[in-house]
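Read the structure below first, then the notes.
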Amino acid sequence: MPVPNDYWPPFSPGEYARRHRLIRDLLARQGLDALVIYGTHHTPFTDPGQINITWAAGYAGFFHSYLVFPAAGEPSLVIPLGPWHLDNARELSAIPDVRGDVDVVACVIDRLRALGLSRGRLGIVGTMEWIDQSIPWRHHERLRAALPEASLELVSKEYEDLRVVKSPEELAVTERAAGIADEAHEVLNRAARPGVTNTDLFNAVLAVVHERGGRINMCHLGSTSTLNPDMFYADPLPVNRPLQAGDVILTELCAGVAGYFAKIWGCTFVGEPTREYRRMFELAATSYRQLREAVRPGGTGKDLEPYFADAIEAAGYRSGSAIGGWGTYNQPPAIGKRARELTGADWRFEPGQTFTIMGWPISRDERQGVWAGDTCAVTETGCRSLHRYPVAEIQVV
């Protein structure tokens, strides 16, 4: 059993066994001899990332990692800096066989040869499918040269689909993450006052998330004047802009545990909002509530089309309202309006899926916008928020 820690707090042996069964079932369905799963760090914040690796292994190395998962035989986690990091990795990993060196590709090739897979069908899983982030070109070329008779097939989507429906353990951890995200927003609201900078707010959020054993993989945080606005989307990296009376603060904050995240699309006003901003927030909150109430197990994205843009667009704004997959970094679904066409119409809702739902009116000139949203889960009877923070109620500090 892995040693407890705050980077990848371990799941139960039964949970890892369940995941490994799903992987072996995927290998059988695809007719593959092994998966070669790649991971690399991909956000500038404090979560180590590499969810496609950590979902199966419970650990990932610095910079990047590989997991060789054969249809027959034991999986192997390959990390860089092996001589210096192996002891710690073996304490934390759910995969007993951890190996590595500075040259991770050479270790992967050696392991595949030892498994007798020099002529095998190998499924390549990249680090994140939604941005088409796969293995580096140089790694691909070295695998091709060293294993010329093997076939390499991309199966990132098929692998990531295994994670869409969460187990009871995964849902429990996501709910814990939601509680941390709630507390982070309460701390942010208490800290927000004229003269405090956006970076100050980020530091306050970061402190409470880490104090609670969590990590952050995203903290978009920005502010603008409601009298002379110039922001419809929060800054991906907070800046040292001091708050002023009459500002609105936008946050897209993800707090997580063990790679499982809960996201709040938050909106806080420093002083009473203008009439227009209050109206925009009411549109955002209504859009959020309507979408959440419309989600039903067995329903599809197409069923939600009437709730996406009508009231917001009728009020003269552009709608960015959406249902976006979340929980373990970005994943399906992606349901919303793009150029008046519905995306994700064929998505089918099932109990255990998690995603964010958000309402988001945006001015036509993109100088102002507000949102309201959070992480929700499909249940046997409907859809519920995992949060207690009242994201659909106006927050004035």
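Taking residues in region 206-228 that are farther than 24 Å from TRP8 by Cβ, and partners anywhere that are buried (at least 18 other Cβ atoms within 10 Å of the Cβ) and polar (S, T, N, Q), the pairs with Cβ atoms closer than 6 Å and at least 6 places apart or on different chains are LEU221/ASN198; LEU221/THR251; SER223/ASN198. Going by the structure shown, is GLY14 without any contact (Cβ under 8 Å) to a residue 40 or more places away in the chain, open to solvent by 20 Å² or more (accessible area, probe 1.4 Å) and not aliphatic (A, V, I, L, M)? Spelling it out, GLY14 is indeed without any contact (Cβ under 8 Å) to a residue 40 or more places away in the chain, open to solvent by 20 Å² or more (accessible area, probe 1.4 Å) and not aliphatic (A, V, I, L, M).
Each residue in region 111-141 was checked for being in a helix (DSSP H, G or I), surrounded by fewer than 15 Cβ atoms within 10 Å (Cβ to Cβ) and more than 30 Å from the chain's Cα centre (by Cα), and 2 of them qualify. Just for region 59-68: of the residues that are in contact with a Gly (Cβ under 9 Å, 6 or more places away or on another chain) and in a loop (DSSP other than H, G, I, E, B), which one is farthest from ASP101 (Cα to Cα)? Among residues in region 59-68 that are in contact with a Gly (Cβ under 9 Å, 6 or more places away or on another chain) and in a loop (DSSP other than H, G, I, E, B), the one farthest from ASP101 (Cα to Cα) is ALA60. Could you list, in sequence order, the residues of region 30-52 that are in a helix (DSSP H, G or I) and either touching a His at 6+ places or on another chain (Cβ under 6 Å) or under 18 Å from LEU152 (Cβ atoms) (or both)? Result: GLN30, ASN52. Out of everything in region 197-214 that is aliphatic (A, V, I, L, M) and within 20 Å of the chain's Cα centre (by Cα), what residue ends up being surrounded by the most Cβ atoms within 10 Å (Cβ to Cβ)? So, considering only residues that are aliphatic (A, V, I, L, M) and within 20 Å of the chain's Cα centre (by Cα), the one surrounded by the most Cβ atoms within 10 Å (Cβ to Cβ) is VAL209.
Return yes when TYR389 is under 27 Å from GLY49 (Cα atoms) and buried (at least 20 other Cβ atoms within 10 Å of the Cβ) and no when it is not. Yes.
Tallying residues that are basic (Lys, Arg) and within 24 Å of PHE355 (Cβ to Cβ) within region 166-217 yields 4. When THR300 is tested against (1) open to solvent by 20 Å² or more (accessible area, probe 1.4 Å); (2) among the β-branched types (Val, Ile, Thr); (3) within 20 Å of the chain's Cα centre (by Cα), exactly one condition is not met: (3). Just one of the listed residues (ILE53, ILE37) is modelled with pLDDT of 90 or more, under 25 Å from VAL209 (Cα atoms), touching a Leu at 6+ places or on another chain (Cβ under 6 Å) and open to solvent by less than 30 Å² (accessible area, probe 1.4 Å), namely ILE53. From the set of residues in region 154-164 that are open to solvent by 50 Å² or more (accessible area, probe 1.4 Å) and touching a residue at least 40 places away in the same chain (Cβ under 8 Å), which is farthest from the chain's Cα centre (by Cα)? Per the stated criteria, the residue is GLU158.
Taking ASP310, is it of a type outside the set (A, V, I, L, M), open to solvent by 50 Å² or more (accessible area, probe 1.4 Å), free of Cβ contacts under 8 Å to residues at least 24 places away in the same chain and on the phi < 0 side of the Ramachandran plot?
When the stated conditions are applied, ASP310 passes them.
Among residues of region 165-191 being of a type in the set (Gly, Ala, Ser) and out of contact with any strand residue (DSSP E or B) (no Cβ under 6 Å at 6 or more places or on another chain), the one that is surrounded by the fewest Cβ atoms within 10 Å (Cβ to Cβ) is ALA172.
If I filter region 338-356 for residues that are within 21 Å of HIS185 (Cα to Cα), assigned to a loop (DSSP other than H, G, I, E, B) and aromatic (Phe, Trp, Tyr), do I get at least one hit? For region 338-356, residues within 21 Å of HIS185 (Cα to Cα), assigned to a loop (DSSP other than H, G, I, E, B) and aromatic (Phe, Trp, Tyr): absent.
The values are calculated or read from the model by the stated rules, or taken from the named source; none is laboratory data. Predicted model, so just to flag it, every value in this text is computed and none were measured. Cβ coordinates were reconstructed from backbone atoms using ideal geometry, including for glycine residues, and neighbour counts include every protein chain displayed. All accessible areas refer to the heavy atoms of the entire protein, side chains included, with ligands and DNA or RNA removed. Shrake-Rupley method; radii C 1.70, N 1.55, O 1.52, S 1.80 Å.
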